[in-house]
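Below: the structure, in structure tokens.
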Amino acid sequence: MTVTPPGNGFDGAVDLISRKGNRTVIQGWAGDLDQGQRPRQIVIYRDNEFLTQLGANQERSDVAEQYGDSRLLRTGFRGSVPGAPDPDTFADRHRLFAIMLRGAAVELPYLAQPVRPP
């Protein structure tokens, strides 16, 4: 499977990394802009080893509005990452990929600044 950055009709990003008790939660979105489709799954690797996967079915009205395509409404993902990594160093050891229905793996950039509870 080819791994690409966003582009060529694919887009997405991690836009929230937060600590909730003893869990680290990530949130973002990914979509096939040409086909108006969400990815098949989001896969997470830590230190280049498979860690877990997430579904992508959360509503993201901001994404649908930004691209003017209601088919992109359910392109969001949100989930806990095993091992409760520190949000401040999450990007140092973790890589996320959106596995698209067209057979591409899109590496998702981190747009979020880590959020810690007050």
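The values are calculated or read from the model by the stated rules, or taken from the named source; none is laboratory data. Remember, predicted model here, so these are calculated numbers, not experimental data. Neighbour counts are summed over all protein chains in view; Cβ atoms, including those assigned to glycine, are modelled from backbone coordinates with ideal geometry.
Select from the range 1-39 the residues that are closer than 10 Å to Val106 by Cα, assigned to a loop (DSSP other than H, G, I, E, B) and acidic (Asp, Glu) and list them in ascending order.
none
Select from the range 15-49 the residues that are farther than 16 Å from Ser61 by Cα and in contact with a Pro (Cβ under 7 Å, 6 or more places away or on another chain) and list them in ascending order.
Matches in the range 15-49: Ile17, Ser18, Arg19, Thr24.
Given the conditions (1) surrounded by fewer than 19 Cβ atoms within 10 Å (Cβ to Cβ); (2) at positive phi, which single one is not true for Thr2?
In the conditions (1) surrounded by fewer than 19 Cβ atoms within 10 Å (Cβ to Cβ); (2) at positive phi, Thr2 misses (2) alone.
Looking at the range 57-73, which of its residues are more than 20 Å from Asn8 (Cα to Cα) and within 14 Å of the chain's Cα centre (by Cα)?
Within the range 57-73, Asn57, Gln58, Glu59, Arg60 meet the criteria.
All but one of (1) at pLDDT 95 or above; (2) of a type outside the set (Val, Ile, Thr); (3) surrounded by fewer than 18 Cβ atoms within 10 Å (Cβ to Cβ); (4) in contact with a strand residue (DSSP E or B) (Cβ under 9 Å, 6 or more places away or on another chain) hold for Gly31, so report the exception by its number.
(3)
Each row is one residue, and each column tells you yes or no for (1) among the polar types (S, T, N, Q); (2) within 22 Å of Gly21 (Cα to Cα); (3) touching a Leu at 6+ places or on another chain (Cβ under 8 Å).
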residue	(1), (2), (3)
Ser61	yes, no, yes
Phe77	no, yes, yes
Pro85	no, yes, no
Phe90	no, yes, no
